[in-house]
Structures are given as C-alpha cells and as structure tokens.
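Student: Structure in structure tokens, see below.
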Amino acid sequence: MRDPNPRIRRALISLSDKTGLDQLAHALAEWNVELISTGGTAAKLKGAGLAVTDVADVTGFPEIMDGRVKTLHPAIHGGLLGVRGNAEHVAAAEKHKIAAIDLLIVNLYPFEQTVAGGASFDECVENIDIGGPAMIRAAAKNHASVTILVDAADYAGLFAEMASNSGRTTPEFRKRMAAKAYARTAAYDAAISNWLGAVAESVTGSAEGFPPTFTVQYKKSLDMRYGENPHQSAAFYSAGTSEPGTIAAAHQLLGKELSYNNVGDSDAALECVKAFAEKPACVIVKHANPCGVAEAGTLAEAYDRAYRTDPESAFGGIIAFNRELDAATAQSIVERQFVEVILAPSVTEDAEKAVAAKKNIRLLATGPWPIAPTPRRDLRSVVGGLLVQDADLALYDSLSVVTKRQPTAAEMADLLFAWKVAKFVKSNAIVYAKDGATLGIGAGQMSRVNSSRIAAIKAEMAGLDLKDSAVASDAFFPFPDGLLSAAGAGATAVIQPGGSMRDDEVIRAADAAGLAMVLTGMRHFRH
C-alpha cells in the first residue's frame, strides 16, 4: 500500500455475466496477477486451470446466508479503500493484515433483466446485488490507485494500458473507469428504486404504475455542432439498451454527423413507417410532421407516391422505409430531390453506392423492428419538471360505423390508412388519403377546420384530386364545420375518435352529406 500508482499485482473478479472471463483471467495471469474470486466465477477460473484464491480465504470468514454475505468485510473493503502512500492507512493495513487490491472487475446481478422477464417479486428482490455495488463504489472512490472495471467492453483497454505502462494503468484511464462505475451503480439503483416504488404504489402489486420518484439514465452517443438553433448547444443521449429499429440504435452508413433536428425528424419518420407492415411503405417527414406517406407494390413506387403528396415540403426532408433500401429506389431519390436523411431496416450495397454519389446525404440502417411495438414510457421536459406517460402505441379501441351509409371495402381500407398517418401528425391533424397514399395533410393548427382547409389546399397545390377520398381527424370534430369542409373538398368517408358533446349533431351532418363515418374510440393528440 506504499506505492500510490502500483503495478497491478492483485485483482478481485466477481462476475454475474462471465462474457470474456477466460481471456481476461489468462491475460492477468500472464502478468502474474494474483486472482481473488467468489462463487461461480472462482469455479469457472479453477475449471480453466488458473490459480484462484477464494474470498473466504482472504476474509477468514465463510460465505453465509445463501451468498448474501461474502465480500462485505474489512479485508476486502480495506484492500480497496486504503489510500496508497498514506502512513496512517498503511499502518492500519499492516496491523490488520489487509493486503491491497489493485484491480476490481465486477458486474452485477441481472436485476433489470429479471424484472423485464416478468419474474416474481421475491425473485426480483433476490437479484438485487448488495456486495457488488459496495465494492464498485469503494474502488471507484479510490481510483487514484485502484482500477475498477464494470463492462467487458473495457477489458481490451485494460490490456492495452498494462502493456504500455509496465503492468500499471494511467490515472486518466482509472478516472474514466471510475466515472463509468458510478454511472453503472447509479443506473442500477435507479432501476431498483423505480421498480420497487411502482410496486409499492400499486394496488395490485404490479410495477406498471408511476413510482413516487422517477430516475432515468442515458449515455451520450454524440456531441452535436448545435441544437435546434445555432446558438444552442446540444448532445444526443441514448438508453443503455436501445432496441433495434430505433433511431438510437441505428447505424450510420454515410453522410455528415446527424444534427439535433435530424435526430428528432428521423425518429418521427421511423416511428410512422413502422406502423405499416403489410406492403412496402415510405414516409417523408419535414419538421417532425409527415408530409407524404404511401404504400405500394415496390419501395420505389411507394416513394414516388409519397413524394407526390407534397413535393415542396419533401425538399430537405427525412425519408424512411419499412423494407430494405434497393438501388432503384435510392437512385430515384438522389435524382429527384435534396434529402437530409434516408432510413431503412437495411441497405443493399448498390443502394449505398447510389446514395454515396450525392454528397452529404445521411444514410442510416436501423436494423429490423418487432411487428408489435415494445411498451415504453415517453418523457418530456418542462421547466422544473418532467412529464412521463405511457407511449401511444395502440391504433384504435373499436371501429363503429355511426352513419346510415356503410363505408365500402375500399373506403374502409383508405380510412384505416389515413388513421395510421393521422396518429403521427401534430394536432390538430387532418389527413386525406386514397388507394394507400396521402393526398393532403393539415398539421399543427389551432383550429381543426383550418387543418382541414390547409390539407385541401396542399392537395390542390400538388395537383391531387380529393374526390372520393377518405379523411382522418386525430380528435373529434367539436362542430360539423370541419366535417363539412372535408366533404366539400371531396371526401366521402370519415374516421375520427368521437366523444364530443355534439357527436349526434356531427353524425346528422355526415348523414345529410351522404358520408360514411367510423368512430375509433381512441384519440391521438400529438404535441
């Protein structure tokens, strides 16, 4: 304990996830590092023919209470916390025969995975690690001399450090690893707190509610040139386990770094296109709103039909697909328009070459996504607080025809298509559609009737005919005026949630206009 920057001579390894353990231990053995370990980790190391000292032999005390108590002992924590070169600490260590531990490698009981797997309350509690976090915090506090690793991804970095520094690690490396270690214990404690708080608040004993305190942790993925505007600083953070098929997990193949607005708009485009599974589909987004959506027999045709909805707004937009991007579609895009980002589950080699021919287009492969969306929470910051809600993943509660005229099969297909799109348009949202393509989209207006008028104007500007189209409204029509505006533009079928005090009046107006109207029982406000 006399050397403040010692060569690593003694390491304690205790791993729940033993990925990379064999390579790690053999590399340390080649440096003549004494290995201390516990339970299953010690057994695996012995099975690999390595010399290992059991923690019980270090503490002089056996593991007890089903392994709940094994490393919580002065012989372990003194070895981690003792300040190297501090005369008082050195004297205490010598008096109590506490040897320094120079390297700690720990990962924790899989609490998060246990909860996610739907385990019982008792099993979840049993997977709360106690000794692991205590050791991690001790080693991280004493990072001036002790190296702490909590992630197998850092093993290679450890080997490189030791190789370059005669078996030592640098202060900079130890500091980075200590910060990562505290981040891990913080995330672990947050997961426990959120889960147990939700269970304690729940009448049924489930963890589906909202805990009294809510703690989240995200990891920085990207420092950005600026935020929403050039005078704002920004960074992009992602969840530690981002699922495939999300903007956070996407792999950028080409182009400049994503901007703040690129990420937001790409997320909007991707989440919208994921709503379409049966046919090849394309979504074009501008300023977080779909400006063109279509499905067709081929990806190229879907793109062409989506683009024709609103060619003006498509300029400089984000384009997302639900199928692998092929060369023909990629070539059509780069020849036709300026685009900021193209996203698809995967990209053919020829498609990547076609996009690369146009400078600075950002091309992202998202990976496949599950057909059924994974339940999650949406977060939105407000000054001094955080709004948390269940994500809006459902499409409708039920489909009820409330008019005298029933929609035809073709009208019903168009209604459901328009309804899917309307879910992703900023409120107040009106969407006209026909034959699997949008014709006009009215977004973000304070008045629903104005959204209806704007959608019709957009269609007219694009040279599209709204005759016999279907129209979707993200929320109920409070008065017949918005409905009649849509009918006047050429719509023959309407889909909306219903729920207005004037539903009867709106239904009578629909009947008088000869419209077919379907109520979904589910509103999709989007702000």
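The values are calculated or read from the model by the stated rules, or taken from the named source; none is laboratory data. This is a predicted model, so every value here is computed, not measured. Reconstructed Cβ throughout: ideal geometry from the backbone, glycine too, with neighbour counts over all protein chains shown. The accessibility values were calculated without ligands, DNA or RNA, using every heavy atom of the protein model including side chains. Shrake-Rupley method; radii C 1.70, N 1.55, O 1.52, S 1.80 Å.
Student: Can you check what the net charge comes to around R453, using other residues whose Cβ is under 12 Å from the Cβ of R453 (Lys, Arg +1; Asp, Glu -1)? Show your work: numbers first, answer last.
Tutor: Numbers: positive: R448, K458; negative: E460, D481.
Here the charged neighbours net out to 0.
Student: Moving on to the next point. Please report the equivalent ellipsoid semi-axes of the range 294-381, computed as sqrt(5 x eigenvalue) of the Cα gyration tensor, largest first, in whole Å.
Tutor: Computed over the range 294-381, the values are 23, 16, 15 Å.
Student: What does the convex hull of the Cα atoms come to per residue for the range 143-268, in Å³?
Tutor: Values: hull volume 24.3 nm³, N = 126.
Convex hull volume per residue, Cα atoms: 193 Å³.
Student: What is the range 448-494 by shape, rounded, prolate or oblate, if you read a ≥ b ≥ c off the alpha carbon gyration tensor as root eigenvalues and call it rounded for a/c under 1.5, prolate for a/b larger than b/c, and oblate otherwise? Don't skip to the end; give the middle numbers.
Tutor: Details: a/c = 2.07, a/b = 1.52, b/c = 1.36.
Verdict is prolate for the range 448-494.
Student: Continuing with this model, one more query. Before rounding to the nearest 500, sum -39500 (n - 2.57) across all DSSP H runs of length at least 4 in the chain and divide by the residue total; then give [θ] at 222 nm in deg cm²/dmol.
Tutor: Working: 19 runs with 200 residues, N = 527.
Helix contribution divided over all residues of the chain: -11500 deg cm²/dmol.
Student: Just to be sure I understand the model, the point goes 7 Å from the Cα along the line to the Cβ. What's the resulting S120 to R502 distance in nm?
Tutor: Distance between label points: 5.7 nm.
Student: Using only Cα atoms, locate the centre of the range 125-162 and the centre of the range 215-257, then give the distance between them in Å, rounded to an integer.
Tutor: Measuring centre to centre over Cα atoms gives 26 Å.
Student: List the lysines whose Cα lies under 23 Å from the Cα of K404, skipping any in the same chain that are fewer than 8 positions away.
Tutor: K434, K467
Student: With every protein chain kept in place and ligands, DNA and RNA left out, what is the accessible area per residue of the chain? Probe 1.4 Å, answer in Å². Mind showing how you got there, number by number?
Tutor: Values: 25020 Å² over 527 residues.
Ligands and nucleic acids excluded, the result is 47 Å² per residue.
Student: Place a +1 charge on the Cβ of each Lys and Arg in the chain and a -1 charge on the Cβ of each Asp and Glu, then give the dipole magnitude about the Cα centre in debye, rounded to the nearest 20. Could the numbers behind the result be given before it?
Tutor: On the way: 52 positive and 60 negative charges, 259 e Å.
My answer is approximately 1240 debye.
Student: How far apart, in nanometres, would the label points at M65 and R176 be if each is projected 7 angstrom from Cα along the Cα-to-Cβ direction?
Tutor: 3.8
Student: Carbon-plus-sulfur fraction of the accessible area of the chain, 1.4 Å probe, in percent? Can you show the working numbers first?
Tutor: On the way: 13290 of 25020 Å².
C and S atoms contribute 53 percent here.
Student: From Cα coordinates alone, what are the radius of gyration and Dmax values for the range 427-527 in angstrom?
Tutor: 12.1, 37
Student: Strictly over 23 Å apart at the Cα level, which of K46/K141; K220/K286; K44/K70; K286/K423; K175/K256 would you flag in this model?
Tutor: Numbers: K46/K141 30 Å; K220/K286 25 Å; K44/K70 18 Å; K286/K423 16 Å; K175/K256 31 Å.
From K46/K141; K220/K286; K44/K70; K286/K423; K175/K256, over 23 Å: K46/K141; K220/K286; K175/K256.
Student: How high is the relative contact order of the chain? Use alpha-carbon pairs under 8 Å, at least six apart in sequence, and give a whole percent.
Tutor: On the way: 1096 pairs, mean separation 43.3, N = 527.
Contact order relative to length: 8 percent.
Student: Report Rg (one decimal) and Dmax (nearest whole number) for the chain, counting Cα atoms only, units Å.
Tutor: Spelled out, the Cα radius of gyration and Dmax of the chain are 29.7, 96 Å.
Student: Could I get the Rg over Rh figure for the range 1-143? Both from C-alpha atoms, Rh via Kirkwood, rounded to two places.
Tutor: Values: Rg = 15.9 Å, Rh = 16.1 Å.
Taking Rh as the inverse mean 1/r over Cα pairs, Rg/Rh reads 0.99.
Student: A follow-up question, please. Calculate, for V90 and T19, the FRET efficiency according to 1/(1 + (r/R0)^6) with r their C-beta to C-beta distance and R0 35 Å; round to the nearest 0.05. Please list the in-between numbers first.
Tutor: Working: r = 37 Å, r/R0 = 1.04.
About 0.45, to the nearest 0.05.
Student: For the range 385-431, just the Cα atoms, rotate onto the principal axes and tell me the three extents in Å, largest first.
Tutor: 48, 19, 15
Student: Order W31, W195, W419, W369 by their accessible area, 1.4 angstrom probe, all chains in place, largest first. Walk me through the intermediate numbers first.
Tutor: Details: W31 80, W195 25, W419 0, W369 50 Å².
Heavy-atom accessible area, descending, gives W31, W369, W195, W419.
Student: Another one. What percentage of all Cα-Cα pairs in the range 1-83 are separated by more than 22 Å? Please report the intermediate quantities before stating the final value.
Tutor: Numbers: 954 of 3403 pairs.
When every Cα pair of the range 1-83 is considered, 28 percent fall beyond 22 Å.
Student: In nm, to one decimal, how far is the S238 label point from the S202 one, both placed 7 Å along Cα→Cβ?
Tutor: Placing both labels 7 Å along Cα→Cβ, they lie 2.9 nm apart.
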